[in-house]
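Comments concern the structure below.
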């Protein structure tokens, strides 16, 4: 008990022993500053200093841009950029998926590669089943005037506006005789029209040319994308007047009829209509007489 008491007294004495810290001029030994210190004061001062340094460091890291230079902390601008890139990546993935589906549809249009089973999956089959005799093709007076203008004029740009959001009218691409009608069972998803060589081939509606190239089997092919998911296809052309990316008006000449391609047996137009990736019977929507 006495030893413990003596030890605590001795420690207290060491902590409270006063010391004098003197700062002297090295040349003259003149006293400049003097401090009276104890071990306890020095310990307290150092503890407070360390705490202040820790608080200062915390606020510097948490609330200033200096934290970006500390390993393990990422830049705010980098985080923002990473988030933006993440959104762009998601958007690009969706666009790529849509484009792949779109290109597959174009491939099906060019190859005519589609099964009856796939057709049953889409409501457009109802339009295919329609017979021309069941469709009221009697034109209204306005349509008669427009059709007469299309038949009589061979200018490149017949109309300023052939379609509207209220009535979507399709016009015959050529004036000719139907030699091979649309036949779903035979997988002939088109109307073949016999025409004179170099006859003008016209767009059936306003749209954008999405394909204008030569293929070995179908010759010079041009494909036009219209509103409402509709695509018109013109094959075996002699020459192509429009190029990919061109905007065309209804009745505007886009090609001349010919006999190009291995599958062609004479001057004619192989004309197809596709809706949302599925073929439809052009005779149900266009009067070829």
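Computed from the coordinates by the stated procedures, all read-outs in this text should not be read as laboratory data. Only a predicted model underlies this, so the values are computations on that prediction, with no experimental measurement involved. With ideal geometry, Cβ positions are generated from the backbone for all residues, glycine too; neighbour counts draw on all protein chains shown.
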**Request:** Provide the gained length on full extension for the span residue 99 to residue 13, in nm with one decimal, where the gain is 0.36 nm per separating residue minus the Cα-Cα distance.
**Result:** 22.3 nm
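Above 19 Å lies some portion of the pair distances; for region 209-284, what is it as a whole percent of all C-alpha pairs? List each step's numbers first, then the result.
Values: 936 of 2850 pairs.
Of all Cα-Cα distances in region 209-284, 33 percent exceed 19 Å.
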**Complete:** Residue separation between residue 54 and residue 225 times 0.36 nm, minus their alpha-carbon distance, gives in nm 54.8 nm
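So if each residue of separation counts as 0.36 nm, and I subtract the Cα-Cα distance between residue 196 and residue 21, what length gain in nm does that give? Mind showing how you got there, number by number?
Numbers: separation 175, 0.36 × 175 = 63.00 nm, distance 11.63 nm.
Extending this stretch completely gives an extra 51.4 nm.
Calculate, for residue 81 and residue 61, the FRET efficiency according to 1/(1 + (r/R0)^6) with r their C-beta to C-beta distance and R0 30 Å; round to the nearest 0.05.
Values: r = 22 Å, r/R0 = 0.72.
Calculated transfer efficiency: 0.90.
Using a 10 Å cut-off on Cβ atoms, rank the peptides 180-192, 200-212 from the highest mean neighbour count down. Write out the running numbers ahead of the final one.
Values: 180-192: 16.3, 200-212: 20.9.
With the highest mean Cβ count within 10 Å placed first, the list reads 200-212, 180-192.
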**Asked** How big is the gap, in Å, between the Cα center of region 16-50 and the Cα center of region 223-282?
**Response** 98 Å
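Within 10 Å of each residue's Cβ, count the other Cβ atoms and sort 286, 96 from fewest upward.
96, 286
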**Item:** Equivalent ellipsoid semi-axes - Cα gyration tensor, region 158-289, angstrom
**Value:** 21, 17, 14
